[in-house]
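The next block holds one structure in the form of structure tokens; read it before the comments.
Any read-out appearing in this document is the output of simple, stated calculations on the displayed coordinates, not a laboratory observation. Given the structure is predicted, the values throughout are model-derived calculations rather than measurements. As a convention, Cβ positions derive from the backbone with ideal geometry for all residues, glycine included, and neighbour counts pool all protein chains shown.
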Amino acid sequence: MEELLKALGPWPMAQGIVIGLLVAAAGFWAIRRGLQDNQRSRDDDNEVRVVRIEEVLTVRIDHTDEEKRWQWEAYKQLGHIEGNSYEVVKHSEDSVELLREILKSINRLNDGRWNMRQ
Amino acid sequence: MRLLNYYLEGRRFEWLITIAMLWLAVAMFVSPQILQASAFQWITLVMSPWFTASCLFAIGWARLVGLLLNGHQVRGRRVGPMIRAVTAAACAVMWVQFDLALIQLSVNQGFMSPGVPFWSMFVLGELDVAYRVVANGRTS
């Protein structure tokens with residue numbers, strides 16, 4: 001091949017034609033091979049191949065006015081529950097303090113009774 | 001956007017080359033000295049600028065038609081892929097002439113022209129397109 005191209009060196013037109021014909025033959029072979037592969041895959045599958053193109057859909061939810069009111073009410077109730085939880089904690093702390101005071105009083109009573117016995 | 005994707009999906013390289021071909025053809029019709037004054041001057045030894053421009057325009061136009069036909073059927077057969085495959089092979093023949101011109105320039109100047117790797121790969125890319133288009137025909 002190289003000798004052929006070197007021999008054609010003085011005749012660039014012939015060189016271009018020869019190489020052009022070689023590339024054209026390669027192109028013809030590629031097309032033929034592609035058609036054969038396509039035919040082979042059709043025979044194997046017995047049906048035309050289907051190409052799936054995935055599509056991502058964005059969905060927007062539109063609530064009715066009634067649903068929006070229910071949503072608002074639900075959020076309000078959640079707010080009440082949150083506020084109540086803080087109240088519950090505060091009351092629990094107060095209860096614990098009161099119980100401590102009661103325990104102290106019981107201890108003072110017992111101390112007084114013991115002192116009286118002495 | 002969906003319409004654009006319908007035509008572009010899987011064939012961006014072909015669209016780019018088609019636009020480049022038509023662009024160069026129009027430019028050469030306007031200014032025939034483009035080839036003569038460039039690194040591709042060796043092409044003008046075998047083909048006149050008008051002939052080169054006409055070939056580029058004809059093949060580019062045929063390729064554009066093949067790309068736009070997409071999945072349309074003519075007499076029950078999809079002709080788009082075959083047109084694209086044949087024009088891809090024709091483009092490979094054209095690009096090898098450009099490549100040869102750069103190789104000739106490289107031989108003359110004693111070192112490789114920087115365009116040689118790119119045009120050589122264009123030739124291989126077009127042969128790959130010619131195979132893939134008919135081997136993996138889309139059904140849509």
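Over the protein assembly as shown, what portion of Cα pair distances is larger than 25 Å, expressed as a whole percent?
Roughly 64 percent, rounded to a whole number.
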- Using just the C-alpha positions of the stretch B:1-116 as equal point scatterers, what log10 of I(q)/I(0) does the Debye formula give at each q in 0.10, 0.17 1/Å? -0.37, -0.87
- Item | Sparse-neighbourhood loop sites, trypsin sites (Lys or Arg not before Pro) in the stretch A:47-118 - DSSP loop, at most 15 other Cβ within 10 angstrom | A:ARG49, A:ARG52, A:ARG60
- Could you give the spread of the C-alpha atoms of the stretch B:62-116 along their three principal axes, from largest to smallest, in whole angstroms? 55, 13, 11
- Shielding score for A:17-27, defined as the mean number of other chain Cβ atoms within 10 Å: 6
- Item | Added length on full extension, which subtracts the Cα-Cα distance from 0.36 nm per residue, A:GLU55 to A:VAL88 | 6.8 nm
- Item | GluC sites (Glu not before Pro) restricted to the stretch A:53-83 and DSSP loop, no more than 11 other C-beta within 10 Å | A:GLU54, A:GLU55
- Item | Whole-angstrom gap from the stretch B:78-140 to the stretch A:67-94, using each part's C-alpha centre | 72
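Need the full-extension length gain, A:MET116 to A:THR64, defined as separation in residues times 0.36 nm minus the C-alpha distance. One decimal, nm. Intermediate results must be reported in sequence, preceding the final value.
Details: separation 52, 0.36 × 52 = 18.72 nm, distance 7.78 nm.
Here the segment from A:MET116 to A:THR64 would lengthen by 10.9 nm.
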- Query: Quick one: net charge of A:TRP72's neighbours, Cβ under 12 Å, K/R +1, D/E -1?
  - Reply: -1
